[in-house]
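Asks: Structure incoming, see below.
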Amino acid sequence: MNLKTEISNRRTFAIISHPDAGKTTLTEKLLLLGGAIHVAGAVKNNKIKKTATSDFLEIEKQRGISVATSVMTLDYKGKRINILDTPGHKDFAEDTFRTLTAVDSVILVVDSGKGVEEQTRKLMEVCRMRATPVMIFINKMDRDSKDPFDLLEELEDELKIATSPFSWPIGSGRRFKGVYNLAEKKIQLYQPEKSSMPELLLSTDDINDPDLKKHLDDDQIKNLREETELASEMFESFDKNLYLQGYLAPVFFGSALNNFGVPDLLETFVNIAPPPLSTRTDQRKVMPEEENFSGFVFKIHANLDPKHRNRMAFLRISSGRFERNKMYFHTRLNRKMRFAAPATFMANDKSTVEEAFPGDVIGLYDTGNLKIGDSLTEGENLHFTGIPNFSPEILKEVINKDPMKTKQLEKGVRQLTEEGLAQLFVQQPGNRKIIGTVGELQFDVIKFRLEHEYGAKCDFRTLPFNKAYWLSSDHKKDMDEIIRKRSNTIAYDKSGKPVYLAESDWMLKIAKETHPGISFHNTSEMNVKAETESV
Ligand code: G4P
């Protein structure tokens, strides 16, 4: 197959949701439909969310599992579908944000009873920043649900995205009987079945089909006719270009658990979701169909086997054809590298891949040369952008508890933050190390891993800061001034960029007023205008 066909057949996306909305269940049902797995339960264990913060063994075990399920590939109707997994736990949100840099579209899962939740909002913000096309699956219609029209309104208001229903629920809660496919004008009624496909009781494209009476009461039939008439009008106004630009989301209703409405979602997804798109670098846009290979690392799993210190870097291919054992140019290190055993992932199996194409994600075994954000090319000096760090919300100082192990601690902190588990800031004088995260859980994980993987002991001292803002200025004089005047609130990130540590929104406001020549950014990539927000 030529490169163009390979590209047009690929769909790389992530399923995202507030924890518990049904991301794992939906992923599993998509894999079942695509024939990549044969029983439900295969992906289920890939979760840190239900783990008590102190249950580290469980976290470790799950880290192993999550390598296998970081990318799940399936072939469906001639399309190669790459599903990138994102952690369910909110404390790992930054990992999710980074994964979103490696996808071309997303499916957002919303709980029909809860509607838009905190993480739904945050994830949608990231999608908006990147203009990622979004499809929405409203799940758990078999439970007590909000009214479907109210849900659409809530999505539009809270997520600031236009919606267009593609399917409509027939009933809800215990009386949830099936879905109406608005594109095909088809009614499908099912008998629930949790582990495989539900039994189809009736499939008809006649809304006046007399057989409807066998399964629905008069009220339900009346509602179905009235609601789908309105919903059809909303469906008719769907504009694919607006979807592709990230302004309009097709919405599906269903139950992942019972597999209602999931086939409609998958069918539409393969038909309209975008193939691999262009990727931005600091030099130019890279188009997938370019002859020369290029790709970037968006995720690292360190210490797969603590005895061997090996890690796996996940590389998204942006252009050209990747080949095993070919020499590629590592632009940050300015040297050539070769990968003898690149891994690909089919459901839960990992195997060596000979070649890979734009949209694909491969795993590269690494001994410490690759970092998140690194670019590989065939020689061109490109640096992919759009893989920013986000402002952490909890900042704590690392206190070394065993001075004999200072070196191990430094190395551990460096490597774990390179893995993307947390961010490292250094404050001068004194080389004070500050770890920034979005959740408390990371501190437990870091402490545990430092001890078990590096033999270093530490504590964390809570600092009075609740946000970090990257600073930029057109004038060196202004930058020097803020650094001098506010030295106890200034630290440096890993690449040496100055960061202002804010004690409160009020202090941020004052800092901004006192230093009008300085811009404060809540992501590290302030030069990429569309992807960063100046606050
Ligand atoms: P997540 O990955 O987004 O965190 O959610 P996950 O799929 O694990 O689903 C969270 C809970 O919601 C699970 O129940 C799951 O079975 C349930 N669930 C998912 N989809 C549906 C649905 O369509 N209808 C109903 N009624 N429930 C659904 P749990 O009790 O927390 O876990 P488990 O013991 O069932 O595994």
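Asks: How do S473, S112, S145, S167 rank when sorted from fewest to most other Cβ atoms within 10 Å of their own Cβ?
Replies: Ascending number of Cβ neighbours within 10 Å: S473, S145, S112, S167.
Asks: Between segment 103-181 and segment 408-485, what is the C-alpha centre distance in whole Å?
Replies: A separation of 37 Å, based on Cα centres.
Asks: Going by amide H atoms built from the backbone, whose H comes under 5 Å of the H on F339, apart from near neighbours?
Replies: N325, K326
Asks: Let me ask something else about it. If neighbour count is taken as other Cβ atoms inside 10 Å, put S319, S472, S255, S164 in order from fewest to most.
Replies: Taking fewest neighbouring Cβ atoms as first place, the list is S472, S164, S319, S255.
Asks: A further question follows. Where a ≥ b ≥ c are the square roots of the eigenvalues of the C-alpha gyration tensor, would you call segment 394-533 rounded, which needs a/c under 1.5, or, failing that, prolate if a/b is larger than b/c, or oblate?
Replies: Note, shape of segment 394-533 comes out prolate.
Asks: Which lysines have a Cα lying under 20 Å from the Cα of K177, excluding residues fewer than 8 positions away in the same chain?
Replies: K29, K140, K146, K185, K186, K194, K213, K214, K222
Asks: Still on this structure: Assigning unit charges at the beta carbon (Lys, Arg +1; Asp, Glu -1) and nothing else, what dipole magnitude in debye, to the nearest 20, does segment 394-533 show about its Cα centre?
Replies: 480 debye
Asks: Across segment 279-377, how many lysine pairs separated by 8 or more positions, or lying on different chains, have Cα atoms within less than 19 Å?
Replies: 4
Asks: Another question, if that's okay. Among T352, T344, T417, which comes first, then next, by fewest other beta-carbon atoms within 10 Å?
Replies: T352, T344, T417
Asks: Which angle from 0 to 90°, rounded to the nearest 10, does the C-alpha axis of helix 23-33 make with the longest principal axis of the chain?
Replies: Helix 23-33 and the main axis of the chain meet at about 60 degrees.
Asks: Pairs of alpha-carbon atoms within less than 8 angstrom and 6+ residues apart define the contacts here; what relative contact order does segment 453-502 have, in percent?
Replies: Relative contact order for segment 453-502 comes out at 43 percent.
Asks: For the chain, what is the charge dipole size about the Cα centre, in debye to the nearest 20, if Lys and Arg each add +1 at the Cβ and Asp and Glu each add -1 at the Cβ?
Replies: Result for the chain is approximately 2500 debye, rounded to the nearest 20.
Asks: Could I ask something else about it? Where does the chain land on the Kirkwood hydrodynamic radius, alpha-carbon pairs, in angstrom?
Replies: 24.7 Å
Asks: Which one, G363, T331, G379, is farthest towards the positive end of the dipole of segment 330-478 when Lys and Arg carry +1 and Asp and Glu -1 on their Cβ?
Replies: The residue sitting most towards the positive pole is T331.
Asks: Can you tell me the orientation of helix 441-454 relative to the chain, as the angle in degrees between its alpha-carbon axis and the longest Cα principal axis, to the nearest 10?
Replies: The angle comes out at about 60 degrees.
Asks: Nearest 10 degrees, 0 to 90: what angle lies between the long axis of helix 476-485 and the longest principal axis of the chain (Cα atoms)?
Replies: Approximately 80 degrees, to the nearest 10.
Asks: At 0.36 nm per residue, minus the direct Cα-Cα distance, what do N2 and E410 gain on full extension? Give it in nm, one decimal, please.
Replies: In short, 142.1 nm is gained.
Asks: Can you work out ³J(HN,Hα) from phi for every residue in segment 76-87, in order, using Karplus 6.51 cos²θ - 1.76 cosθ + 1.60 and θ = phi - 60°, giving whole Hz and x for Gly and Pro?
Replies: 9, 6, x, 9, 8, 10, 10, 9, 8, 7, 10, x
Asks: Quick one: which residues, 5 or more positions from D75 or on another chain, have an amide H under 5 Å from its amide H? H modelled 1.01 Å from N in the peptide plane, none for Pro or chain starts.
Replies: Excluding prolines and chain starts, which carry no amide H, the hits are I81.
We did not get these values from a lab; they are worked out from the coordinates using the rules stated. Remember, predicted model here, so these are calculated numbers, not experimental data. So basically every Cβ, Gly included, is an ideal-geometry build from the backbone, and we count neighbours across all protein chains shown.
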